[in-house]
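The values are calculated or read from the model by the stated rules, or taken from the named source; none is laboratory data. Being a predicted model, the structure only gives us computed values, none of them experimental. Cβ atoms come from the backbone with ideal geometry, glycine included; neighbour counts cover every protein chain shown. Just so you know, the surface numbers come from the protein's heavy atoms only, side chains and all, with ligands and any DNA or RNA stripped out. Shrake-Rupley method; radii C 1.70, N 1.55, O 1.52, S 1.80 Å.
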2 protein chains.
Amino acid sequence: MGTDTLQSRIGVAIRARREAMGISQEDFADHIEMHRAYYGTIERGRRNLTLVTLEKIAVGLGIPPSRLLKEAGS
Amino acid sequence: MGTDTLQSRIGVAIRARREAMGISQEDFADHIEMHRAYYGTIERGRRNLTLVTLEKIAVGLGIPPSRLLKEAGS
């Protein structure tokens, strides 16, 4: 997968939002009850996320899933 | 899963868009090169869609994936 896929772009958008919250990857993963290593691969654009996982992350970030997709340019 | 889950709501939103195009489930599934039976389960809210599948459907409907999520109330 190139850097221009939706899954890559959404990883970037998630990371930007999480960093804007001033929280580490590890703390955020714990907060949303997700395995830290798995969460890390999402931010690196390595996962073809499901809606359930996307929603879980969006809830943790305090934004609607549609907003996250929009910030990912989709 | 209840009728109020994101996957149920997105099925409803996809169906509404597809019907607005005046195209049958079968023809739409063929158009986006997806198995007809599988596509039918998506409209019925039975699938925890991945981003790749969501994008494929959104492209077929001619709208951004974020728009589809928004129409699903998310």
Exercise. Within segment B:41-52, count every residue that is at the interface with another protein chain (Cβ under 9 Å from one of its Cβ atoms), assigned to a helix (DSSP H, G or I) and open to solvent by 10 Å² or more (accessible area, probe 1.4 Å).
Key: 1
Practice problem: State the number of residues belonging to segment B:1-19 that are at pLDDT below 90 and more than 12 Å from chain A (Cβ to nearest Cβ). | Solution: 3
Quiz item: Could you give every pair whose Cβ atoms fall below 8 Å, whose first residue belongs to segment B:61-74 and is at the interface with chain A (Cβ under 7 Å from one of its Cβ atoms), and whose second residue is of a type in the set (D, E, K, R), counting only separations of at least 6 or pairs across chains?
Solution: B:Pro64/A:Lys70; B:Pro65/B:Glu55; B:Ser66/A:Arg67; B:Ser66/A:Lys70; B:Ser74/A:Glu55; B:Ser74/B:Arg9
Exercise. Determine which single condition A:Ser74 fails, assuming it passes every other condition in (1) more than 11 Å from the chain's Cα centre (by Cα); (2) surrounded by fewer than 16 Cβ atoms within 10 Å (Cβ to Cβ).
Key: (2)
Practice problem: Could you pull out the residue among B:Glu33, B:Glu26, B:Glu55, B:Glu19 that is outside any loop (DSSP other than H, G, I, E, B) and loosely packed, with under 13 Cβ neighbours inside 10 Å? | Solution: B:Glu26
Quiz prompt | Residues located in segment B:34-48, provided they are modelled with pLDDT of 95 or more and closer than 24 Å to A:Gly73 by Cβ | solution = B:Met34, B:Ile42
